Amino acid sequence: MTKFETLEIELEKRYGKNRDPWGLEPKRAIADLKVLYPFYEYYFDVQVHGKEHVKDKPYMVVSNHTGQVPIDGMLICTAFATELEKPRILRPLVERFLAGLPFLGRWSSEGGAVLGDRNNCLNLLKRGESVLVFPEGVPGIAKNTKDFYKLQRFTKGFLRMAIASNAEILPIAVVGAEEFFPYVFHLKKVAKLLKIPALPLSLNLFPLPSPIDIYIGEPYSLPKELSHEALDEELEVHITNIEKKIQELTEHGLKHRRTIMQRLKK
Amino acid sequence: MKSVLIIGIHGALAKITAELLIKKHPQIRIHGVDSRTISDVPLRSQLTFQQMKYTRTNFEKIFREYNFDTILHLGRLGHSRATGNINKRIDINLVGTNTILELAHKFHSKKVVILSTHHVYGAHGDNSMFLKEDSPLRGSFKYAELRDVVEMDQMCTNWMWKNQNQIETVVLRPCNIIGPQIKNSITQYLKTSYAPLPIDYNPMFQFVHEFDMASIIVASAESLKTGIYNVAGDDVVSLHEASAIVGMRKVKVPIILVEQLAKIMTPVWKFPSYLIDYLKFPVTLDNSELKKNLGDNIFRFSSKEALELLKLN
C-alpha cells in the first residue's frame, strides 16, 4: 500500500468524506500532497529525525520559522502526512494576510491551513487535531542573511492555548531552509507601505535545492497546576525551555548539516 | 401566550411562524402587521392582519386594542428589495423598532422576540470559525448600508438588558435562512442560474431551514430566557458545495468580476454589494448558547438537508 493510500484511509477514518468546518477537504489535501511530494523527496531531499516521539494524539507542534517563504511549514505538514505511522494532516495556523488572499487563501484552507486565531486553535485541539505554530511569527521567517538560524523570541499565546487544552508541546527544528535564499535583504518600509508582512529581496527567485532536516524533539509536558491565565512571568520559564529545546535541535542539525554542494557532488 | 403581535407578516417566515403558533396554541390570537402589501396570509380564525405605516400612532392603536403579551419582531427590512432607499430602511429598522420596544414596555407585554441576522458580525478575513454572541459586531465596518442592521441589533440588546427585570427579550441572530418560501438574497442567489460564483474563494456557510427557524422563534417566545442567541445547526457547508447541492449552473469567475456581474444582472437578480464579502469570508456561528437552553434536537434539518430541500423546490 502506498503512502497516499494509507493516508487516504486514515483521513477518511478521521474526517469522513466531508469538509471540516475550517475548510479542510481531505481529497484535495491528498491531491496537493501528491503534487508536493516529489519536491519534498527529490528537490529538498527531506529527512525526518525523531519520528518515534510522535504518538497518535493531538499536539501543539512548535517550530522555528526560517526560509523567507513558509515552505518550512509545508514540508513539516508533508512529513506528518507521509512519514508517520499514524499519518495526519497538521493544521498550520497562518497569518491573517494569507487567509484573505484570493486563490492562495482557498488553496491553503482546503489543504488544512487555518487562520491563526485563539478560538480556532482551541477548537481544533478540542476536536483532536494537531496544530502547527511558529511562535517567532514574521520576525522569524523574515530575517536578513546575518541573522540566519537565530531564534527570535517566542510570543506567549501558543503556550496559553496549549495549557487551556491540555495539549503537549512538540518541539521541531527545521535545518536547511535558510539556505533556500542565501542572500536576503528586507525592504521593511516598502512592505509596510504595501501592507504586507515582509518583502525579502533575494538574488534567486526560486528556492535553491537545499537539503532539509526536520528534527522532532521529545514532547514537552506542561505542569497540570499551571493555569492558562497565569502571569507572563510564570510562563516565561516554559517559553525559555521550549526555545532552548528548539535551539539545541537546531544546533545539532547545523553540526550534521548536509549542504547543497554535497548533494550536487553526490 | 394569548395575544401575539407579528411584525412583518407579509414575510414567509412570519406566515410559517403564525401557522406553528396556531397549531401549538389553538386558543391564541395573532395580529400581523406589515408596511408592505400583504398577500397569501393563511386564512385562520385566530389570525388577523393589516397593512399600516410603522408610525407611533398606528402601533399605539393596535397595542391598545389587542393587549399583546408577546411581540415577534420579524419585520426588519432586508436590503435586496430596498437597495438605494436608506431612509426607508432607517425609518423601519431603527425608528420603527424603537417605537415597538417602547410600546411593548408601556403596555406591559411579557415577551419580545427580535429577529436580527448574522450579518451583524460582518464578513472579514480574520473571522474565526464559530463566532460567539459576544463577538464584536463589525458588520458596518466596510459597508455603510449595514449600519442600520448593526444599530438595530445594538439598540435592541441595550434595551433588552436595561429592561430585563420588566420584560423578557430574546434577540436571535440566525445564519442564512433558506427554504422554498423565503425570498432573501442568499436563497435568490442559490436559486439563480448562471449567477457568478467566486472561483478564488470558498468560504464555509451555515444554513437553517425556514421551518426550523420558525420553530425556534416559537420556542423562543415560549421558553427562551432573556439574551442573545446565535441560530445555526452543527454542520457547515462550503459555498461551492452548497451551490452544487442546489444544482443551479453558476458562472465561475474571480471575485473581482463577481461584483461587476452582480451589477449587470441587477434587473433580474438584486444582490447587495456588501454580500460579496460574504462570498469571500466565513461568518459561522457558535450555537452552544441556543442548544444549552433549547436542547440538542432543535433542528430538524441540517444545512445540507435544507439545501437539498431547496433543490427539490
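The values are calculated or read from the model by the stated rules, or taken from the named source; none is laboratory data. This one's a predicted model, so the numbers in the text were calculated from it and none came from an experiment. In this analysis, Cβ positions are derived from the backbone assuming ideal geometry, glycine residues included, and neighbour counts consider all displayed protein chains.
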(request) Pick out the one residue from A:Lys51, A:Lys34, A:Lys55 that is modelled with pLDDT of 90 or more, more than 14 Å from chain B (Cβ to nearest Cβ), surrounded by fewer than 21 Cβ atoms within 10 Å (Cβ to Cβ) and under 30 Å from B:Pro198 (Cα atoms). (result) A:Lys34
(request) Considering every residue within segment B:274-282, establish whether at least one is more than 19 Å from B:Gly179 (Cα to Cα), among the hydrophobic types (A, V, I, L, M, F, W, C), free of Cβ contacts under 8 Å to residues at least 60 places away in the same chain and away from every other protein chain (no Cβ under 14 Å). (result) no
(request) Return the only residue of A:Leu226, A:Leu208, A:Leu159 being in contact with a helix residue (DSSP H, G or I) (Cβ under 7 Å, 6 or more places away or on another chain), farther than 27 Å from A:Thr78 by Cβ and either of a type outside the set (A, V, I, L, M) or touching a residue at least 24 places away in the same chain (Cβ under 8 Å) (or both). (result) A:Leu226
(message) Among the residues in segment B:167-176, are any modelled with pLDDT of 95 or more, over 30 Å from A:Val94 (Cβ atoms) and assigned to a loop (DSSP other than H, G, I, E, B)?
(response) yes
(message) Let me spell it out: the conditions are (1) charged (D, E, K, R); (2) within 23 Å of B:Ile86 (Cβ to Cβ); (3) away from chain A (no Cβ under 14 Å), and B:Arg300 meets all of them except one. Which number is the exception?
(response) (2)
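With a cut-off of at least 1 residues that are over 28 Å from B:Met204 (Cα atoms) and β-branched (Val, Ile, Thr), name the strands (runs of 3 or more DSSP E) lying wholly within segment A:87-175.
Working: elements: A:91-94, A:131-133, A:168-175.
In segment A:87-175, A:168-175 are the strands (runs of 3 or more DSSP E) which contain 1 or more residues that are over 28 Å from B:Met204 (Cα atoms) and β-branched (Val, Ile, Thr).
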(request) Check whether at least one residue in segment B:213-227 is closer than 21 Å to B:Leu13 by Cβ, more than 13 Å from chain A (Cβ to nearest Cβ), surrounded by fewer than 16 Cβ atoms within 10 Å (Cβ to Cβ) and touching a residue at least 12 places away in the same chain (Cβ under 8 Å), and report yes or no. (result) yes
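Looking at B:Ile177, B:Ile264, B:Ile199, can you tell me which residue is within 25 Å of B:Val149 (Cα to Cα) and either surrounded by fewer than 19 Cβ atoms within 10 Å (Cβ to Cβ) or hydrophobic (A, V, I, L, M, F, W, C) (or both)? Quick ask: steps written out before the conclusion?
Values: B:Ile264 fails: within 25 Å of B:Val149 (Cα to Cα); B:Ile199 fails: within 25 Å of B:Val149 (Cα to Cα).
Within the list B:Ile177, B:Ile264, B:Ile199, the selection yields B:Ile177.
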(message) Testing B:Leu172 on (1) surrounded by 17 or more Cβ atoms within 10 Å (Cβ to Cβ); (2) touching a residue at least 60 places away in the same chain (Cβ under 8 Å), one condition comes back false. Which one is that?
(response) (2)
(request) Being in contact with a helix residue (DSSP H, G or I) (Cβ under 8 Å, 6 or more places away or on another chain) and within 13 Å of chain A (Cβ to nearest Cβ) narrows it down to one of B:Val258, B:Val208, so name that one. (result) B:Val258
(message) Name the residue that is nearest to the chain's Cα centre (by Cα), counting only residues in segment B:115-150 that are over 24 Å from B:Met213 (Cβ atoms) and in a helix (DSSP H, G or I).
(response) B:Arg147
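For B:Lys183, state whether it is at pLDDT below 90, surrounded by fewer than 17 Cβ atoms within 10 Å (Cβ to Cβ), closer than 22 Å to B:Val113 by Cβ and not hydrophobic (A, V, I, L, M, F, W, C). Full working, then the answer.
Values: at pLDDT below 90: yes; surrounded by fewer than 17 Cβ atoms within 10 Å (Cβ to Cβ): yes; closer than 22 Å to B:Val113 by Cβ: yes; not hydrophobic (A, V, I, L, M, F, W, C): yes.
When the stated conditions are applied, B:Lys183 passes them.
If I ask for residues that are in a helix (DSSP H, G or I) and touching a Lys or Arg at 6+ places or on another chain (Cβ under 6 Å), which ones from segment B:180-217 would you list?
Looking only at segment B:180-217, we keep the residues that are in a helix (DSSP H, G or I), and these are B:185-191, B:210-217.
Passing the criteria: only B:Asp212.
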(message) Restricting to segment B:229-281, give me the number of residues that are acidic (Asp, Glu) and in a helix (DSSP H, G or I).
(response) 3
(request) Give the residue that is surrounded by the fewest Cβ atoms within 10 Å (Cβ to Cβ), with candidates limited to residues of segment A:81-111 that are under 21 Å from A:Glu136 (Cα atoms) and away from every other protein chain (no Cβ under 14 Å). (result) A:Leu90
(request) Kindly indicate whether any position in segment B:236-258 is crowded, with 20+ Cβ neighbours inside 10 Å and within 18 Å of the chain's Cα centre (by Cα). (result) no
(request) Please tell me if A:Ile214 is touching a residue at least 12 places away in the same chain (Cβ under 8 Å) and in a helix (DSSP H, G or I). (result) no
(request) Check B:Ile71 against each of (1) under 30 Å from A:Leu98 (Cβ atoms); (2) touching a Leu at 6+ places or on another chain (Cβ under 7 Å) and name the one condition it does not meet. (result) (1)
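Out of A:Tyr183, A:Tyr220, I need the residue that is over 23 Å from A:Glu95 (Cα atoms) and in contact with a Ser or Thr (Cβ under 6 Å, 6 or more places away or on another chain). Which one?
Details: A:Tyr220 fails: in contact with a Ser or Thr (Cβ under 6 Å, 6 or more places away or on another chain).
It is A:Tyr183.
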